[in-house]
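Peer 1: Shown below is the structure under consideration.
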């Protein structure tokens, strides 16, 4: 992780949501009420669905999308949302 994320990690609040079956649905970091950091989304079988980096509410960098078997299906590049 880069220095910017290491510094802000001290002030980030994480929101966790869950599927009806109890499996983790999402792990989302917030800084000053905006998504900031690495958000992870999961299928209801517990397998990772996507990893997206946000900087002050905007997507930035490479987003990784996976299928229900955990195989990487797509990479999407964004800069400043």
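The values are calculated or read from the model by the stated rules, or taken from the named source; none is laboratory data. All figures in this text were calculated on a predicted structure; none of them were measured in a lab. Here Cβ is always computed from backbone atoms with ideal geometry, including for glycine, and neighbour counts include all displayed protein chains.
Peer 1: Is it the case that the stretch 19-33 has a residue that's surrounded by 12 or more Cβ atoms within 10 Å (Cβ to Cβ), modelled with pLDDT of 95 or more and in a loop (DSSP other than H, G, I, E, B)?
Peer 2: yes
Peer 1: Among the residues of the stretch 55-67, how many are at pLDDT 95 or above and either within 15 Å of residue 14 (Cα to Cα) or in a loop (DSSP other than H, G, I, E, B) (or both)?
Peer 2: 1
Peer 1: Tally time: how many residues in the stretch 23-50 are within 24 Å of residue 71 (Cβ to Cβ) and more than 12 Å from the chain's Cα centre (by Cα)?
Peer 2: Taking the stretch 23-50 and keeping what is within 24 Å of residue 71 (Cβ to Cβ), we get 23-28, 38-50.
Going one step further and asking which of them are more than 12 Å from the chain's Cα centre (by Cα), we end up with 23-24, 43-47.
Total satisfying the criteria: 7.
For every residue, the table says whether it meets (1) surrounded by 13 or more Cβ atoms within 10 Å (Cβ to Cβ); (2) closer than 23 Å to residue 18 by Cα; (3) touching a helix residue (DSSP H, G or I) at 6+ places or on another chain (Cβ under 6 Å); (4) in contact (Cβ under 8 Å) with a residue 24 or more places away in the chain.
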position: 36; (1), (2), (3), (4): yes, yes, no, yes
position: 39; (1), (2), (3), (4): yes, yes, no, no
position: 53; (1), (2), (3), (4): yes, yes, no, no
position: 59; (1), (2), (3), (4): yes, yes, no, no
position: 65; (1), (2), (3), (4): yes, yes, no, no
position: 77; (1), (2), (3), (4): no, no, no, no
